[in-house]
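The values are calculated or read from the model by the stated rules, or taken from the named source; none is laboratory data. These numbers were taken from a predicted model, which means no experiment stands behind them. Positions of Cβ are generated from backbone atoms using ideal geometry, with glycine treated the same way; all protein chains shown enter the neighbour counts. Accessible surface is based on the protein model in full, side chains and every heavy atom, while ligands, DNA and RNA are left aside. Shrake-Rupley method; radii C 1.70, N 1.55, O 1.52, S 1.80 Å.
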Amino acid sequence: MDAQAIASAGVPVLCIDTCSILDIMRDPTRETARPHDRQAAVDLVAAAESGHLICLMAEQVAIEFFDHDQLVQDEAERNLKKVREQVERINSLSAVYGAPGTINLTHLDDHVGRARAVVGRWLAKLDKVVPSPQAPAKAFARVNGGIAPARRGKESSKDCLVYETYLEAVSALRGAGLATPIVFLSSNTNEYLTEGRILKPEIAVEFGAINLGYAPNMSAAKYALGL
């Protein structure tokens, strides 16, 4: 990441977590899958492609994404197949009672491939951020101290390394004079928000010091970035 070059561009910056990249192509049968969030993902990558947004990806995020990429695609394929099979069964049952008909779901045949293509566009625009040598030690200290985003009883070292990487990156960008909105996007809200759906106190202090915003989904990120 070149902080001076990004600052000179003078456009908003998005720091993305692994879960939020994967969400773009996650199983569409989930109740949490919202069309407006998927549309926001398309809008944001289009903004990045046109030079109106810069997107950052922590090195740890890149590692985690490639570990889960195919697994998420496979899950989506399996569940879409279940939906098609269920609809076919219902069609057959309806025919038994004298009302034959067909619900056409062929438009879903390549849904996962098309969603993965959008993810590919994101990957092409994500500028990888490598943590400093000090970041792993800071992340480990957060885990030991149970300081958010670490949580007791959860293996949080990877979350904390992503967090510390972005704190460093955003601090460097603010130090280079960037005044535009910078937003951290993570749908893993349990790590970042209280039960009252506000930032956990320690995170609020650290984000506030560098004027870093938080978004739990693509739609919120788009709004916070002013796009």
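For region 35-192, the percent of C-alpha pairs falling in each 5 Å distance bin, counted from 0 to the bin holding the largest distance, reads 2, 7, 12, 14, 16, 13, 11, 8, 5, 4, 4, 2, 1, 1, 0.
Only the Cβ atoms of Lys and Arg (+1) and of Asp and Glu (-1) were treated as charged; on that basis the dipole of the chain about its Cα centre amounts to roughly 340 debye. Ranked by solvent-accessible area (1.4 Å probe, protein heavy atoms only, all chains present), the residues 97, 163 order from largest to smallest as 97, 163.
The residues of region 93-227 expose on average 52 square angstrom of accessible surface per residue, using a 1.4 Å probe on protein heavy atoms. Of the residues 82, 222, ranked by 1.4 Å probe accessible area with the largest first, the sequence reads 82, 222.
By accessible area, using a 1.4 Å probe on protein heavy atoms only, region 82-155 has 58% of its surface on carbon and sulfur. Taking GluC sites (Glu not before Pro) in DSSP loop states with no more than 11 other Cβ atoms inside 10 Å as exposed sites, the chain has its longest site-free stretch at 32-154.
Across the chain, C-alpha contacts under 8 Å between residues 6 or more apart give a mean separation that, scaled by the residue count, equals a relative contact order of 32 percent.
The C-alpha atoms of the chain define a longest principal axis, and helix 59-96 lies at about 20 degrees to it.
Considering helices alone, the calculated mean residue ellipticity of the chain at 222 nm is -18500 deg cm²/dmol, with DSSP H runs of length four and up weighted by -39500 (n - 2.57) and normalised per residue. In this structure region 10-69 gives 39 Å² per residue of accessible area when probed at 1.4 Å with all protein chains present. Shape summary of region 1-114, radius of gyration then Dmax from alpha carbon positions: 19.7, 70 Å.
Counting only protein chain heavy atoms and rolling a 1.4 Å probe, the accessible areas of 68, 111, 52 rank, largest first, as 52, 68, 111. The amide H of residue 127, built 1.01 Å from its N in the peptide plane, has 55, 56, 57 as neighbours under 5 Å, considering only residues 5 or more places off or on other chains. Between the Cα long axis of helix 111-125 and the first principal axis of the chain there is an angle of about 20°, rounded to the nearest 10.
Scale the Cα Rg of region 134-227 by the rule-of-thumb value 2.2 N^0.38 Å and send over the ratio, two decimals.
Computed over Cα atoms of region 134-227, the ratio equals 1.07.
Note on region 84-181: Lys pairs 8 or more places apart or on different chains, Cα atoms under 22 Å apart, count 4.
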